[in-house]
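A quick write-up on the structure given underneath.
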Amino acid sequence: MLTSFPNRIPLLAVVALIGCAGWMPVRSQDQLPADNQSAANKNATELWYGVLDAQVRMFRFVVELDESGETPSGTLRSLDEGNRVFSLSEIVKADGKLRFTLPATKAVYEGVLDDDGGMVRGKWFQGGGDITLDFDEVAQVPARKIKEVWKGTINAVIQKIEVEFIVLEDGEMFFDSVSQKAGGFTVTREEKEDGEIVFRVPAVAGVFTGRYSDDELPVLNGKWRQGITEFALSLAQKELGAPATAAIQTVEIRRPQMPTKPYSYRVEKVQFKGPHEDVTLAGTLTIPSKGARAAVVMVSGSGPQDRDETIFGHKPFWVIADHFARNGIATLRYDDRGVGESTGDFSTATSLDFAEDSEAALNYLSTRDELQNVVLGLCGHSEGGLLAPLVAARNNRVGFIVLLAAPGVNGEKIILSQSPLLMRAQGVDEATLQKQAKVQEVVLGMIRDSGPDDPELLDRRFREIFGDELPESELAALIETARANVEQKSTAWLRTFLTLEPAEALVNVECPVLALNGGKDLQVEARLNLPKIKAALKEGGNENVETVLYPGLNHLFQQCDSGSVAEYGIIEETFNIVPLQKMTEWILKLPE
């Protein structure tokens, strides 16, 4: 039950069912419902269709080009990512060539038109690699020739996830996570002699095994196993009168705390040098109109985060910055390296690298003329609360730190703590929890110590633990998925996160510290982490420490019912006003 990367949400390591290892991003500001396709084409003079073959996943792209203006304009719609629409820039269609970029993903397409001008043969460049991608000009988007659709719902730990297995007439098979707007994953199908049906989805290390039921309707009853987790899953064959995947409806989600113009403070887009030549960080600086009494750098949680720490339609860092600016506190928030307008490689960075980035942001603040005589600090959320003490312990420019749902123990203990909390909130029985804990300890230990280089050790450990409890077939399947999990998750970031001890930095933090946590935070448990933070600071002799627990708030500091991740997007509140006011008052009382 580890986080799937690069799609982990910014909340340390939380269960994620689908790990989309494809070439397209997982979020965009613009979305287009599938049933609005004709509206999107009204002003488009050309429609181009192509399929990007990323081996374990197929992306169907629709490019709409309009050359009626002074310069060409256009969009790319990714059909297998919930019909997400991405704006194109630097469009060139001349001299038998077509070229465009996707600013949101830093992707570039370059192709050559054939003699008739109706086909483009080229390549898609992204993340240092390239894949062949051809486009054909079409009058309308081609429909897939579908033979069968099998539909079901996985009752995962954090949400109920609707999935579909789609079989085409030519025998190709794909897996779509409809709820997560992620599709096009290639599937292999196997029918064993004993009647068992097996669907394998390599991209997400997922396996469905089932058997036909005795009911009149075609139903496959079985289990979905992914990584080290397993869920019951029944797949019912869907009538083909309806589309293979339902149109994604646009639902208006209220976010009443979202700042709106005109602002009562100055907003400035900035860029500054990161710790290395290949890293330039881009962000937004908000400065109170009557001058700042303090200034703070916002440090985001885990995962590729934009400057607002956008999640489920919420922009918590923007909400915090707005409140701070209206009360005399300047704020710098920035895109993570390799995200948005910032350069650098996110995928190879560790927590130590991200700490250097936040230190670069603080150093930039110290160069601003309007902030020369104010106290500077760091405000870190989740993993950002792990990074802030690293910087404060070594940089005397840090005048204070605010820790929001920050870890007080290493990442291994964080993950082992959060998993049963999340599963128990969904009604998972204690026997399953105990089994899951044993599996997780082995997998985390392998990632921490040896990674995927010692498969025999993993096999031996699982047989020692479960050899007397599980039949051979089930044990072999468990070992297979655990091995895939180790291989998939053995990243430099996770290995660092598992072993990094917050206390080692906290004992050397001499500046004032405010640490806040939600009592219903199921990801960074307050009872485990807040006392450890306070104890480490006290051990180092820091007496200017305050910790506050808010009983009804979750990991995002929203008023909630259960604390489940599934609630985050449903709740209209972005950041509860009580801790927001607490942070503001505490910072303003600091000596300059």
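The values are calculated or read from the model by the stated rules, or taken from the named source; none is laboratory data. The shown structure was predicted, so the numbers you read here are calculated from the model rather than taken from an experiment. Heads up, the Cβs are rebuilt from the backbone with ideal geometry, glycines too, and the neighbour counts pull from every protein chain shown.
Quick check on my filter: what residues within the stretch 252-290 are touching a residue at least 40 places away in the same chain (Cβ under 8 Å), over 25 Å from LEU403 (Cα atoms), out of contact with any strand residue (DSSP E or B) (no Cβ under 9 Å at 6 or more places or on another chain) and assigned by TED's automatic domain parsing to the domain that holds ILE329?
Correct list: HIS276, ASP278.
Take the conditions in contact with a His (Cβ under 8 Å, 6 or more places away or on another chain) and among the polar types (S, T, N, Q) and apply them to SER417. Does it pass? If you could, list the steps in order and put the result at the bottom.
On the way: in contact with a His (Cβ under 8 Å, 6 or more places away or on another chain): no; among the polar types (S, T, N, Q): yes.
Against the criterion (in contact with a His (Cβ under 8 Å, 6 or more places away or on another chain) and among the polar types (S, T, N, Q)), SER417 does not qualify.
Since GLU172 meets every condition but one in (1) of a type in the set (Asp, Glu); (2) surrounded by fewer than 16 Cβ atoms within 10 Å (Cβ to Cβ); (3) in contact (Cβ under 8 Å) with a residue 24 or more places away in the chain; (4) within 22 Å of VAL62 (Cα to Cα), which condition does it not meet?
With (1) of a type in the set (Asp, Glu); (2) surrounded by fewer than 16 Cβ atoms within 10 Å (Cβ to Cβ); (3) in contact (Cβ under 8 Å) with a residue 24 or more places away in the chain; (4) within 22 Å of VAL62 (Cα to Cα) applied to GLU172, the lone miss is (3).
Count, please, the residues in the stretch 501-519 that happen to be surrounded by 22 or more Cβ atoms within 10 Å (Cβ to Cβ), under 24 Å from the mean Cα position of the chain (by Cα) and in a loop (DSSP other than H, G, I, E, B).
0
Could you tell me whether ALA437 is touching a helix residue (DSSP H, G or I) at 6+ places or on another chain (Cβ under 9 Å) and part of a helix (DSSP H, G or I)?
On the way: touching a helix residue (DSSP H, G or I) at 6+ places or on another chain (Cβ under 9 Å): yes; part of a helix (DSSP H, G or I): yes.
The answer is yes for ALA437.
Suppose we filter LYS151, LYS160 for residues that are farther than 30 Å from ASP278 by Cβ, among the charged types (D, E, K, R) and surrounded by 15 or more Cβ atoms within 10 Å (Cβ to Cβ); which single one remains? Explain how you work it out, then say what you get.
Values: LYS160 fails: surrounded by 15 or more Cβ atoms within 10 Å (Cβ to Cβ).
Checking each option against the conditions leaves just LYS151.
From the list LYS160, LYS145, LYS151, which one is among the basic types (Lys, Arg), closer than 18 Å to LEU233 by Cα and over 24 Å from the mean Cα position of the chain (by Cα)? Full working, then the answer.
Details: LYS160 fails: over 24 Å from the mean Cα position of the chain (by Cα); LYS145 fails: closer than 18 Å to LEU233 by Cα.
Result of the check over LYS160, LYS145, LYS151: LYS151.
Only one of (1) over 29 Å from ALA492 (Cα atoms); (2) buried (at least 20 other Cβ atoms within 10 Å of the Cβ) fails for GLY313. Which number is that?
Of everything listed in (1) over 29 Å from ALA492 (Cα atoms); (2) buried (at least 20 other Cβ atoms within 10 Å of the Cβ), GLY313 misses just condition (2).
Please work out which one of (1) buried (at least 16 other Cβ atoms within 10 Å of the Cβ); (2) touching a residue at least 24 places away in the same chain (Cβ under 8 Å); (3) assigned by TED's automatic domain parsing to the domain that holds GLU46 is the condition GLY183 fails and give its number.
(3)
Suppose we filter PRO72, PRO103 for residues that are crowded, with 19+ Cβ neighbours inside 10 Å and over 20 Å from ARG144 (Cβ atoms); which single one remains?
Working: PRO103 fails: crowded, with 19+ Cβ neighbours inside 10 Å.
Answer to the selection: PRO72.
In the stretch 535-543, is there at least one residue being buried (at least 18 other Cβ atoms within 10 Å of the Cβ), in contact with a helix residue (DSSP H, G or I) (Cβ under 6 Å, 6 or more places away or on another chain) and either modelled with pLDDT under 95 or not assigned by TED's automatic domain parsing to the domain that holds VAL398 (or both)?
No - not one qualifying residue is present in the stretch 535-543.
Which ones in the stretch 370-421 are outside any helix (DSSP H, G or I), within 24 Å of GLY518 (Cβ to Cβ) and hydrophobic (A, V, I, L, M, F, W, C)?
Going residue by residue through the stretch 370-421, those that are outside any helix (DSSP H, G or I) are 372-383, 393-410.
With the extra rule that they be within 24 Å of GLY518 (Cβ to Cβ), the set shrinks to 377-383, 400-410.
Within the stretch 370-421, LEU378, CYS379, PHE400, ILE401, VAL402, LEU403, LEU404, ALA405, ALA406, VAL409 meet the criteria.
Which residues, taken from the stretch 477-500, are part of a loop (DSSP other than H, G, I, E, B) and either without any contact (Cβ under 8 Å) to a residue 12 or more places away in the chain or touching a Pro at 6+ places or on another chain (Cβ under 7 Å) (or both)? Show your work before the answer.
From the stretch 477-500, those part of a loop (DSSP other than H, G, I, E, B) are 490-491, 500; that's our starting set.
If the condition is that a residue be part of a loop (DSSP other than H, G, I, E, B) and either without any contact (Cβ under 8 Å) to a residue 12 or more places away in the chain or touching a Pro at 6+ places or on another chain (Cβ under 7 Å) (or both), then SER490 is the only one that fits.
Looking for something within 26 Å of the chain's Cα centre (by Cα), over 17 Å from ARG57 (Cβ atoms) and among the aromatic types (Phe, Trp, Tyr) - is there at least one such residue anywhere in the stretch 107-117?
Of the residues in the stretch 107-117, the ones within 26 Å of the chain's Cα centre (by Cα) are 107-109.
So of that shortlist, the ones also over 17 Å from ARG57 (Cβ atoms) come out as 108-109.
If we keep only those that are among the aromatic types (Phe, Trp, Tyr) too, we end up with 109.
There is at least one residue in the stretch 107-117 that is within 26 Å of the chain's Cα centre (by Cα), over 17 Å from ARG57 (Cβ atoms) and among the aromatic types (Phe, Trp, Tyr).
Considering only residues that are surrounded by 24 or more Cβ atoms within 10 Å (Cβ to Cβ) and within 19 Å of GLY328 (Cβ to Cβ), which ones fall in the stretch 377-400?
GLY377, LEU378, CYS379
Of the residues LEU457, LEU416, which is closer than 29 Å to LEU549 by Cα, free of Cβ contacts under 8 Å to residues at least 40 places away in the same chain and either among the charged types (D, E, K, R) or not assigned by TED's automatic domain parsing to the domain that holds LEU553 (or both)?
Details: LEU457 fails: closer than 29 Å to LEU549 by Cα.
Unique residue meeting the criteria: LEU416.
Considering the stretch 130-146 alone, what residues qualify as being touching a residue at least 40 places away in the same chain (Cβ under 8 Å), in a strand (DSSP E or B) and not aliphatic (A, V, I, L, M)? Please lay out each step first, then the result.
Here is the first cut: in the stretch 130-146, the residues touching a residue at least 40 places away in the same chain (Cβ under 8 Å) are 131-142, 144, 146.
From what is left, the residues that are in a strand (DSSP E or B) are 131-137, 146.
Within the stretch 130-146, THR132, ASP134, PHE135, ASP136, GLU137 meet the criteria.
So which residues in the stretch 323-334 are crowded, with 22+ Cβ neighbours inside 10 Å and either assigned to a loop (DSSP other than H, G, I, E, B) or out of contact with any Lys or Arg (no Cβ under 6 Å at 6 or more places or on another chain) (or both), if there are any at all? Give the steps one after another, and end with the answer.
The first filter runs over the stretch 323-334 and keeps only residues crowded, with 22+ Cβ neighbours inside 10 Å, leaving 324-325, 329-334.
Correct list: PHE324, ALA325, ILE329, ALA330, THR331, LEU332.
Any chance the stretch 449-467 includes a residue that's of a type in the set (D, E, K, R), within 24 Å of the chain's Cα centre (by Cα) and surrounded by 14 or more Cβ atoms within 10 Å (Cβ to Cβ)?
no
Regarding VAL112, is this residue part of a strand (DSSP E or B), modelled with pLDDT of 95 or more and among the hydrophobic types (A, V, I, L, M, F, W, C)? It would help to see each step written out before you state the result.
Working: part of a strand (DSSP E or B): yes; modelled with pLDDT of 95 or more: yes; among the hydrophobic types (A, V, I, L, M, F, W, C): yes.
The answer is yes for VAL112.
So VAL120 clears everything in (1) loosely packed, with under 14 Cβ neighbours inside 10 Å; (2) in contact (Cβ under 8 Å) with a residue 24 or more places away in the chain except one condition, right? Which one?
Every listed condition holds for VAL120 apart from (1).
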